[in-house]
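Notes follow the structure.
Throughout, read-outs are computed from the coordinates displayed, never taken from laboratory work. Model, not experiment: these values are computed from the prediction. Cβ: placed from backbone, ideal geometry, glycine included. Neighbour counts: every protein chain shown.
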Amino acid sequence: MPKIKVCGVTDAVFAKAAAQRGVDYLGVIFVARSPRCVTQAQAQEIAQAARTARPVKPPRIVGVFVEQTAREIAELATAVPLDVVQLHGAYDASDVAALKAKGLEVWRLYDGAAAGEDATLLDGQVGKRRGGTGQLADWSLVAELKQQGRRVVLAGGLSAENIAAAAATGADIFDVNSSLETAPGVKSLKLLENFLRSFNACCR
């Protein structure tokens, strides 16, 4: 059964509400130039609120990184704590292995190659090592990656209006962000509920 990740969460109140509504993953962004960037303290509050709201099978907390070293990521992941790290920068197989050795699940932005990650992220700018643009990814790559035995996270411009079509690709996790916002970094519970209705109608 496909799962949902809500990325760019910036406050604990929304995190609690999302957890109560069954969201599978909550993403916190540690990229300074992003309007959705959070501090370690904010991430801790978000994680605690989500896990308290749904103590039985709580949402997994995903940290999004671009510039930090594997060591810095591991330290932050322990402090929050994070369940998953999502890598958008120039990270290679040694970085992935180091993070997995810390017990972390690792997702990595698709760049044409595999580096031992647990899941491959498709976003709107393949090969740019960034993602997070809100542009649609190349959905045709999902089938190719699935044939290679990879677990696929599909991001980039997902919304209530296109989630049924996105689900038809067969991706494992759907990563939604800006379509749930009233302003960059400001998530709307009403928009989340609308998205979940559309998702549940086609996928659950």
- How big is Rg to Rh over the chain, alpha-carbon atoms, Rh as the Kirkwood inverse-mean-distance radius? 0.93
- DSSP-defined beta bridges in the chain - what % are antiparallel, rounded to 5: 5
- Helix-derived mean residue ellipticity, 222 nm - over the chain, DSSP H n ≥ 4, -39500 (n - 2.57), to 500: -10000 deg cm²/dmol
- Message: Let me check I've understood the local charge: for residue 40, count other residues with C-beta under 12 angstrom from its C-beta, Lys and Arg +1, Asp and Glu -1. What total comes out?
- Response: -3
- Task: Name the long-range amide H neighbours of residue 64: under 5 Å, sequence gap of 5 or more, or other chain; modelled H, no Pro or chain starts.
- Result: 28, 29, 30, 86
- Query: Using the beta-carbon distance between residue 101 and residue 194 and R0 = 45 Å, what value does 1/(1 + (r/R0)^6) give for FRET efficiency, to the nearest 0.05?
  - Reply: 0.65
- Message: Can you compute 3J(HN,Hα) from phi for each residue in segment 105-111, using the Karplus curve 6.51 cos²θ - 1.76 cosθ + 1.60 with θ = phi - 60°, rounded to whole Hz and x for Gly and Pro?
- Response: 7, 10, 10, 9, 4, 4, 10
- In nanometres, the difference between 0.36 nm per residue of separation and the alpha-carbon distance of residue 165 and residue 71 is 30.0 nm
- Taking every eigenvalue of the Cα gyration tensor of segment 65-118, multiplying by 5 and rooting it, what semi-axes result, largest first, whole Å? 17, 11, 9
- Note on the structure: Given unit charges at Cβ for Lys, Arg (+) and Asp, Glu (-), the dipole magnitude of segment 3-203 about its Cα centre in debye, nearest 20, is 440
- Working out 0.36 nm times the residue gap between residue 57 and residue 144, then minus their Cα-Cα distance, what length gain in nm do you get to one decimal? 28.2 nm
